[in-house]
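Worksheet for the structure shown next.
The values are calculated or read from the model by the stated rules, or taken from the named source; none is laboratory data. The structure displayed is predicted, hence computed values, not measured ones. Here the Cβ positions follow ideal geometry from the backbone for every residue, glycine too, while neighbour counts run over all protein chains shown. These accessible areas exclude ligands, DNA and RNA; they are computed on the full protein's heavy atoms, side chains included. Shrake-Rupley method; radii C 1.70, N 1.55, O 1.52, S 1.80 Å.
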Amino acid sequence: MSGPKGTYDVLPGSEFGATAAVREALLAPSRLAGYAYAEAPVFEATELFSRGVGESTDVVTKEMFTFSDRADRSLTLRPEGTVGVLRAALDAGLHKGQLPVKLRYAGPMFRAERPQAGRYRQFQQVGVEALGLDDPALDAEVVALAWQAYAGIGLRKVRLLLTSLGDAACRPAYRASLTSFLDGLELDEETRRRATLNPLRVLDDKRPELQAQLADAPLMVDALCDACRDHLTAVQAGLDALGVPYEAAPRLVRGLDYYMRTTFEFVHDGLGAQSAVGGGGRYDGLAELIGGPPLPGIGWALGVERTLLALKAEGLDAPGEPTLDVFVVPLGAPAKAHAVGLVGQLRAAGVAADLAYGDRGMKGAMKAADRSGAAYAVVLGDRDLEAGEAQLKDLREHAQVAVPLDAVVETLKEKLL
Ligand code: AMP
C-alpha cells in the first residue's frame, strides 16, 4: 500500500531521508540573526488563504485542499506559511512590541498540484518573516539569510534573481500600460484569462513563442515611482555590502499575489523544470488584507525537497543523522544488565551509543556492531565482568584492548570527544 498521490515517506536511506537535518541547517543562519521559532496550525479558515494568497492565484483557484469540519466551517490545509504565521503574530499582538518581529518556521505545506520530480502535494518548507518595518536594510538581511542558508549547506550553483514589483503608487499605472500592450497581442484563451486576472503573471510564461511576443513589453522596473526605485537601490547596496551576488530579473513574478517592492527567487540550474529552490518578497499590504492593521513585512520560503535534489545534482552529501560512536555487545544475562547501564552513562556523557538487543550470540552481535557504523564496540562477557573489565574494540583498526569497567566511559570520551 502506498501513500496518497503526490506524497512520499521520510525514512532512513530514502530520497528525502535527510529532511529534518536540512530543515535545521537551512534555518541555522536565521536563528543566529534573531529569528525566533514560530509554529501556526497546519489548517486555517479557508478565507484566510483566499484573501491573503489571492483569489487570482493558481494556488487558491486550483490547488487548495479544502474541507468542512463537523460544524460546516470551511478549512484548508495551508498551501504556504506566510499568511498563517502573520495571522498568528497579529493575533498575539507581537506587532505592538519591539519591531521588527523576526520569526522562523518549518513544516509541511499542501498543494493539489500535478505531481512530478520536485513537485509534491505535501512538501516541506522552511521560512522566515520580518514584520513591522519597511527598511531596505532589513530586505537585504532577509535575502542574505536565504543565500547563507544555501551556502551553509554546501550548494554552489544557486542563483539569486531580484526585482521590484512596485507598490500601490506605481503598480496600477504600470498594470494599465501592460494590459494595453497585452491587448494588442494574439493570445490564447487561457493566457487572455490570466492577463485579465493579473497581467503581470503573463510575463513569467515560459513558452518561447509567447516570450518572443513579449520582447517589447513594458517592465515594472522601468516604471517604478521614486520611493520604490530608492528602495530597490538600497536593497542592492545592502546585498553588495553583505557580499551576496544577484541578477536583475525584471520579468520575475511570483505565484502568490501579495508581493510588492522587493521580490526574489533562488534557482538551481541542476533541477530541470522545477528550478526554483526558494523565493520570497515584501508584502506590506498583506496584514490589512487579512483583517489586521497596516503592517509591512518581508519573508521567504525555501523548499526542502528541492534543496535535497540540488545537493544530489551537485554530487554533495546531505547533512546526516549523527553516526553512532559506540556499540555495546553484552554476552550473557549479567553482562546485559551491566551493558544497559553503560549505554545510559555513555549517552549521558554525549557519546552516541547503542546496544546489541535481542540476546544474540557473539557472531550475530558483532555483525550488528559492524553494520551499526560505530567506531568502537565494547564487548562484555560474563568472564570480563568477573575480572572487572571490558574489551574495547576499534572497529576500523580491528585492534582490541582490555579496559577496567569503571574507566570505559572516560576512555571512550577521551577517544571520541
Ligand atoms: P512558493 O511558496 O510557491 O513561493 O514556493 C517556495 C518554494 O517552495 C519553491 O521555490 C519550491 O522550492 C518549494 N515548493 C513550492 N511548491 C512546491 C511543491 N508543490 N513541491 C515541492 N516544493 C515546492
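Return, for the Cα atoms of the chain, the radius of gyration and Dmax in Å, separated by a comma.
My reading of the Cα-based Rg and Dmax gives 27.2, 93 Å.
Which FRET efficiency value, to the nearest 0.05, is calculated for residue 116 and residue 215 with the Förster distance at 35 angstrom and r the Cβ-Cβ distance? If you can, show how the numbers build up before the last one.
Numbers: r = 29 Å, r/R0 = 0.84.
Here the calculated transfer efficiency is 0.75.
Taking N as the number of residues in the stretch 1-133, what is its Cα Rg relative to 2.2 N^0.38 Å?
Compared with the compact-globule rule of thumb, the stretch 1-133 sits at 1.15.
For the peptides 257-266, 314-323, what is the packing order when you average, over each peptide's residues, the other Cβ atoms within 10 Å and list the highest mean first?
Values: 257-266: 25.0, 314-323: 11.8.
Highest to lowest by the protection proxy: 257-266, 314-323.
Only bridges whose two residues both fall in the stretch 326-416 count here: according to DSSP, what percent of them are antiparallel, nearest 5?
So the antiparallel bridges amount to about 55 percent of the total.
Before rounding to the nearest 500, sum -39500 (n - 2.57) across all DSSP H runs of length at least 4 in the chain and divide by the residue total; then give [θ] at 222 nm in deg cm²/dmol. It would help to have the intermediate numbers written out before the result.
Numbers: 16 runs with 158 residues, N = 417.
The per-residue figure over the chain is -11000 deg cm²/dmol.
Can you give the charge dipole size of the chain about its Cα centre, rounded to the nearest 20 debye, using +1 on the beta carbon of Lys and Arg and -1 on the beta carbon of Asp and Glu?
Values: 45 positive and 56 negative charges, 124 e Å.
The dipole magnitude comes to about 600 debye.
Please list, in chain and number order, the residues 5+ apart from residue 297 or on another chain whose amide H is under 5 Å from its amide H, with Hs placed from the backbone.
Long-range HN contacts for residue 297: 132, 283, 284.
I need the peptides 389-402, 40-53 ranked by packing, meaning the mean over residues of other C-beta atoms within 10 angstrom, with the highest value on top.
Put in order of decreasing packing, that is 40-53, 389-402.
Using Cα centres only, tell me the gap between the stretch 262-301 and the stretch 202-254 in whole Å.
14
Just to be sure I follow: if Rg is taken over the C-alpha atoms of the stretch 125-205 and Rh is the Kirkwood radius over the same atoms, what is Rg/Rh? Each step should come with its number before you reach the end.
Details: Rg = 17.5 Å, Rh = 15.9 Å.
When Rh is taken as the Kirkwood radius, the ratio is 1.10.
Do any cysteines of the chain lack a neighbour Cys whose Cβ is under 4.7 Å away, and which are they?
Among the cysteines of the chain, those whose Cβ sits 4.7 Å or more from every other are 228.
Kindly state, to the nearest 0.05, the FRET efficiency for residue 417 paired with residue 394, given R0 = 22 Å and r defined as their beta-carbon distance.
My answer for the efficiency is 0.85.
For residue 173, what charge total do you get from the other residues with a beta carbon under 15 Å from its beta carbon, if Lys and Arg give +1 and Asp and Glu give -1?
Net of charged neighbours comes to 0.
Around residue 141, what is the net charge, scoring Lys/Arg as +1 and Asp/Glu as -1 over all other residues with Cβ under 12 Å from its Cβ?
My count for the surroundings of residue 141 gives -1.
State, to one decimal in nm, how far the label point of residue 371 lies from the label point of residue 65, with both points 7 Å from Cα in the Cβ direction.
Modelled inter-label distance: 3.4 nm.
What number does the stretch 195-282 give for Rg over Rh if you use C-alpha atoms and the Kirkwood radius?
Working: Rg = 14.2 Å, Rh = 14.7 Å.
Using only Cα positions, Rg/Rh for the stretch 195-282 is 0.97.
Can you give the % of DSSP beta bridges in the chain that are antiparallel, to the nearest 5?
In the chain, DSSP labels about 80 percent of beta bridges as antiparallel.
Quick check: the distance between the Cα centres of the stretch 95-147 and the stretch 17-70, to the nearest angstrom?
8
Where the convex hull is taken over the Cα atoms of the stretch 12-75, what is its projected area averaged over directions, in nm²?
7.2
Would you mind computing Rg(Cα) / (2.2 N^0.38 Å) for the stretch 65-113, counting N as its residues? Intermediate values should be presented prior to the final figure.
On the way: Rg = 13.9 Å, N = 49, 2.2 N^0.38 = 9.7 Å.
Rg over 2.2 N^0.38 Å, computed on Cα atoms: 1.44.
Can you tell me how much longer the chain between residue 15 and residue 72 gets when fully stretched, taken as 0.36 nm per residue apart minus their C-alpha distance, in nm with one decimal?
16.7 nm
Assigning unit charges at the beta carbon (Lys, Arg +1; Asp, Glu -1) and nothing else, what dipole magnitude in debye, to the nearest 20, does the stretch 326-416 show about its Cα centre?
It comes to approximately 380 debye.
Using the Kirkwood formula on the Cα atoms of the stretch 263-319, what hydrodynamic radius do you get, in angstrom to one decimal?
13.1
How large is ³J(HN,Hα), in whole Hz, for each residue of the stretch 99-107 in order, when computed from phi with the Karplus curve 6.51 cos²θ - 1.76 cosθ + 1.60 and θ = phi - 60°, using x for Gly and Pro?
10, x, 7, 10, 10, 10, 8, 8, x
Straight distance only, please: which lysines reach the Cα of residue 5 with their own Cα at less than 25 Å, same-chain residues fewer than 8 apart left out?
Partners found: 62, 312.
Measure of size requested: the Rg and Dmax of the stretch 326-416, with Cα atoms as the atom set and Å as the unit; please supply both.
Spelled out, the Cα radius of gyration and Dmax of the stretch 326-416 are 11.5, 29 Å.
Under the Kirkwood approximation applied to all pairs of distinct alpha-carbon atoms, what is the hydrodynamic radius of the stretch 236-344 in Å?
18.7
So for 119, 159, what's the accessible-area order with a 1.4 Å probe, most first?
Of 119, 159, the descending order of accessible area is 159, 119.
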